[in-house]
1. If you go through the stretch 7-30 one residue at a time, do you hit one that is open to solvent by 30 Å² or more (accessible area, probe 1.4 Å) and closer than 23 Å to residue 124 by Cα?
2. Identify the residue in the stretch 176-203 that is farther than 20 Å from residue 141 by Cα and without any contact (Cβ under 8 Å) to a residue 24 or more places away in the chain and, among all such residues, is most open to solvent (accessible area, probe 1.4 Å).
3. Looking at (1) touching a residue at least 40 places away in the same chain (Cβ under 8 Å); (2) more than 16 Å from residue 252 (Cα to Cα); (3) open to solvent by 40 Å² or more (accessible area, probe 1.4 Å), which is the one condition that is false for residue 46?
4. Name every residue in the stretch 204-216 that is open to solvent by less than 40 Å² (accessible area, probe 1.4 Å) and of a type in the set (D, E, K, R), in order of residue number.
5. Are there any pairs with C-beta distances below 7 angstrom linking a residue in the stretch 88-114 that is over 22 Å from residue 149 (Cα atoms) to a residue that is part of a loop (DSSP other than H, G, I, E, B) and β-branched (Val, Ile, Thr), with the two at least 6 apart or on different chains, and if so which?
6. Could you grab me the full set of residues in the stretch 236-247 that are crowded, with 22+ Cβ neighbours inside 10 Å and either more than 15 Å from the chain's Cα centre (by Cα) or more than 26 Å from residue 66 (Cβ to Cβ) (or both)?
7. Just one of (1) at positive phi; (2) assigned to a loop (DSSP other than H, G, I, E, B); (3) open to solvent by 50 Å² or more (accessible area, probe 1.4 Å) trips up residue 222, so point out which.
8. Looking at 230, 163 in this structure, which one is open to solvent by 20 Å² or more (accessible area, probe 1.4 Å) and either in a loop (DSSP other than H, G, I, E, B) or closer than 28 Å to residue 24 by Cβ (or both)?
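The values are calculated or read from the model by the stated rules, or taken from the named source; none is laboratory data. Remember, it's a predicted structure, so these values are computed and weren't measured experimentally. Note that each Cβ is placed from the backbone with ideal geometry, even for glycine, and that neighbours are counted across all protein chains shown. Note: areas computed on protein heavy atoms with side chains; ligands, DNA, RNA excluded. Shrake-Rupley method; radii C 1.70, N 1.55, O 1.52, S 1.80 Å.
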Amino acid sequence: MTTTTWLDDVFSTKKPVIAMLHLSALPGDPGYDTAAGIGAIVDRAKAELDALQTGGVDGVMISNEFSLPYLTKTEPITAITMARIIAELLPQMSVPYGVNVLWDGRASIDLAVATGAKWVREIFTGVYASDFGLWNTNVGEVARYRHRIGGQDVKLLFNIVPESAQYLADRSLKSIAETTVFATKPDALCVSGLTAGAPTDTQSLRIVKDAAGSVPVFVNTGVRASNAGEQLAIADGAVVGTAFKEGGVFENRADLARVQELMGAVRDFRATL
């Protein structure tokens, strides 16, 4: 039996589903709407949060998903603006929440500590050739930084199959998962497809789950109502973004009916456990 104590403590349910709350482009991003301003970002975020929570998700992860193209070291304005937006969302928040400042582990931890988020998700280990250039990490530095700023209770979700990138070393996924667990002490591992919304390969998910021991494993992309049971039969939880949106389109807003449909499938699966 898989031990998922911290998941039980945070979510109080089996196989939790974390919904992505994708913020519109922020100040400093090429796509930022200067005419509409931050108020429009807040209004959209509030509407989407309402759809996600009403639809029955178990948690929410707030990210700057539309800050394309991403930086591996973000500018201060990004996390600062996200903190302001989260402060406006908190009175409405009824589920546990985490944050993700793409693709910057330290900024994600800063934001979590500042806003009371329970977890962050990031690329904390490995060296990659990516669409955003050569991408290096320093997990030892990040771990010490978290300790230094009082973030010991912030759980770290390691994405070990990054989107839009390939591990530079010639290593198997099994080997990467085993050494990540042994040497870097993640709180959970996330397994992704090629891009946001792309299906996660079931074989890859199983390889990571078998190698992770007692560390929880999340399926990080591509979960839909039609495959939720299959994916959650392997994974300890799921992170869902695109499937909750109108028409299943990444750029669109969260759609209550789609949230209810997928979460209904998840509840049906949980009833079999």
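1. Yes, the stretch 7-30 has at least one match.
2. Only one residue fits best here, namely 203.
3. (2)
4. Listed by number, the list holds a single entry, 209.
5. Taking only residues 6 or more apart or on different chains, the pairs are 95/57.
6. 245
7. (3)
8. 163
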